[in-house]
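Q: Following this message is one structure expressed as C-alpha cells.
The values are calculated or read from the model by the stated rules, or taken from the named source; none is laboratory data. Computed from a predicted structure; not experimentally measured. Quick reminder, even Gly has a Cβ in these numbers, built from the backbone with ideal geometry, and neighbours come from all protein chains shown.
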Amino acid sequence: MIFAISISFFGMLASSPADTVIMRNGQKVKGVVVEAYKDRIVLRTIGGEEQIFKQNIKDVLYDLEEQNLTSVADFYLDSERYEQAYYYYQKALEINPDYKRARDGLKYTSAYLSGTGRREKISYIQRLNAERLGRKGVIISDVRNEEQQVRDRIGLVLKDVKGAYQIEEVIPNSPADRADIKKGDILAAIWGRPIRYMQPSEVFQKLLDPGIMEVQITIKRTYEVEVDNFPGGYANLIGAKMGYMEMEGLVVEEVSEGGPADMAGVRPGDIVQTIGGESVRYMPFRDIERAIISKKGASISLTADRDVVMWKRFKGGKI
C-alpha cells in the first residue's frame, strides 16, 4: 500500500514502538526494528538508534504478524530448510501482499525449489569434472576463485568501501551491464536480504548460486536532480511524486517523462534513502518538500534503492 502523507516516517514508528527484543540475559528492549542484517539489527528506541548483535538476542517479537512470520521464514532459509521458508513467506504475504521482504524471500525460495533438479545435475557434472581433472593431475583449488566467477558470469567487480560493497567495475555486454548497473553503485541486498557486514565469500556464493539462473539484487545509487525555477510544489519542480510505502518508507510513485527526475535516471518504485545528503527515515514530509523547493534553479542529490534482476552467464558465455 502506497500513500502520500504529511507526517514523518519516524512519527509513524514512534506512535507504536511495539517490537520487543528479548536479550539472552532476560532483558527486554522495546523499539522498532528498522534494519535487519544477518549478524545484527538496528533498533529505533526513544533514546535513538542502537545496533544489537544477534548473538546477544534470544528472540525478536514484532508488532505486525507478517513480520513475525517472515522472521521465522528467514530463520529456515538461513538453515537451508527451503520448504519451511517458502511456507512462512507465503503465510506472511497472505496477511500483507505488499510486504516486500516476504515477497523477495518467496521469489528466492520458489526459484531455488524449482531449480532442484538442475542443481543436482550441476553437482553431478562438477563431481565428474573433478574426478577427470584429478586423474590428469590438475589441482582443483587452481580453478578460478569466486570473485573471478562473479566477474565472468555476472559482470561485476566489487570493492569493500567502509563495510559496503561498492561496484568498482561493470564488464561491457555482461548481465550487469544489460541491467543498467553502474560503476559506483552500492550492492545493498541480494534477494531482499541486506549484505552489509557479510564476508565477501558469502556475498559471492549468494550471487553465484548454481541452482538459480537469475539473481535479484538491490542497488543503491545517488542521483543529481535539477530543480526547476518556477512557482509550484516539489512534484512539479522535479517532475516526480513521492509517497510513503507502509513497510519500506519513502518511495517514488510517479516520474514525468522528460522531467528533471527522469533525466537524472530516477524511476518509479525507487525507495528513497536520502535527500540532499540527509536521511529521510525520520524526516517529516513537509521538510522533504521544503528541502527540494529551497533548491530552485540548482540541483539536489537523491539516494535511492532499486531492485534489479539479472540472468547469469554460464559456460561458453551463454545466458
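Q: Given the criteria among the hydroxyl-bearing types (Ser, Thr, Tyr), at pLDDT below 90 and in a helix (DSSP H, G or I), does Tyr112 qualify?
A: When the stated conditions are applied, Tyr112 passes them.
Q: Here's a follow-up. Lys58 is checked against (1) part of a strand (DSSP E or B); (2) in contact (Cβ under 8 Å) with a residue 60 or more places away in the chain; (3) among the charged types (D, E, K, R) and fails just one. What number does that condition carry?
A: (2)
Q: Output the number of the condition that Met247 fails; it satisfies all remaining conditions of (1) touching a residue at least 60 places away in the same chain (Cβ under 8 Å); (2) among the aliphatic types (A, V, I, L, M); (3) in contact with a strand residue (DSSP E or B) (Cβ under 9 Å, 6 or more places away or on another chain); (4) surrounded by fewer than 21 Cβ atoms within 10 Å (Cβ to Cβ).
A: Answer for Met247: the failing condition is (3).
Each row is one residue, and each column tells you yes or no for (1) among the basic types (Lys, Arg); (2) modelled with pLDDT of 90 or more; (3) touching a Pro at 6+ places or on another chain (Cβ under 9 Å).
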site	(1), (2), (3)
Asp19	no, yes, no
Ile22	no, yes, no
Glu35	no, no, yes
Leu43	no, yes, no
Leu61	no, yes, no
Tyr82	no, no, no
Tyr87	no, yes, no
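Q: Identify the residue in region 140-154 that is assigned to a loop (DSSP other than H, G, I, E, B) and not polar (S, T, N, Q) and, among all such residues, is modelled with the highest pLDDT.
A: Ile154
Q: While we're on this one: Inspect all residues belonging to region 204-219 and state whether any of them is in contact with a strand residue (DSSP E or B) (Cβ under 9 Å, 6 or more places away or on another chain), at pLDDT 95 or above and more than 28 Å from Ala92 (Cα to Cα).
A: no
Q: Looking only at region 256-271, count how many residues are farther than 17 Å from Val308 by Cβ and among the aliphatic types (A, V, I, L, M).
A: Total meeting the criteria: 3.
Q: For region 308-316, indicate whether the set of residues that are touching a residue at least 60 places away in the same chain (Cβ under 8 Å), closer than 27 Å to Gly184 by Cβ and assigned to a loop (DSSP other than H, G, I, E, B) is non-empty.
A: Yes, there is a match, as at least one residue in region 308-316 is touching a residue at least 60 places away in the same chain (Cβ under 8 Å), closer than 27 Å to Gly184 by Cβ and assigned to a loop (DSSP other than H, G, I, E, B).
Q: Evaluate region 3-14: report whether one residue or more is part of a strand (DSSP E or B), at pLDDT 90 or above and of a type outside the set (Gly, Ala, Ser).
A: No, there is no match, as no residue in region 3-14 is part of a strand (DSSP E or B), at pLDDT 90 or above and of a type outside the set (Gly, Ala, Ser).
Q: Within region 164-196, which residues are over 24 Å from Tyr99 (Cα atoms), among the aromatic types (Phe, Trp, Tyr) and touching a Gly at 6+ places or on another chain (Cβ under 9 Å)?
A: none
Q: Looking only at helices (runs of 4 or more DSSP H) that fall completely inside region 155-261, which ones have 3 or more residues that are more than 19 Å from the chain's Cα centre (by Cα), of a type in the set (A, V, I, L, M) and at negative phi?
A: By residue number, 234-238.
This table checks each residue for (1) modelled with pLDDT of 90 or more; (2) within 30 Å of Thr303 (Cβ to Cβ); (3) not basic (Lys, Arg).
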{"site": "Lys136", "(1), (2), (3)": "no, no, no"}
{"site": "Ile171", "(1), (2), (3)": "yes, yes, yes"}
{"site": "Pro175", "(1), (2), (3)": "yes, yes, yes"}
{"site": "Ala179", "(1), (2), (3)": "yes, yes, yes"}
{"site": "Ser201", "(1), (2), (3)": "no, yes, yes"}
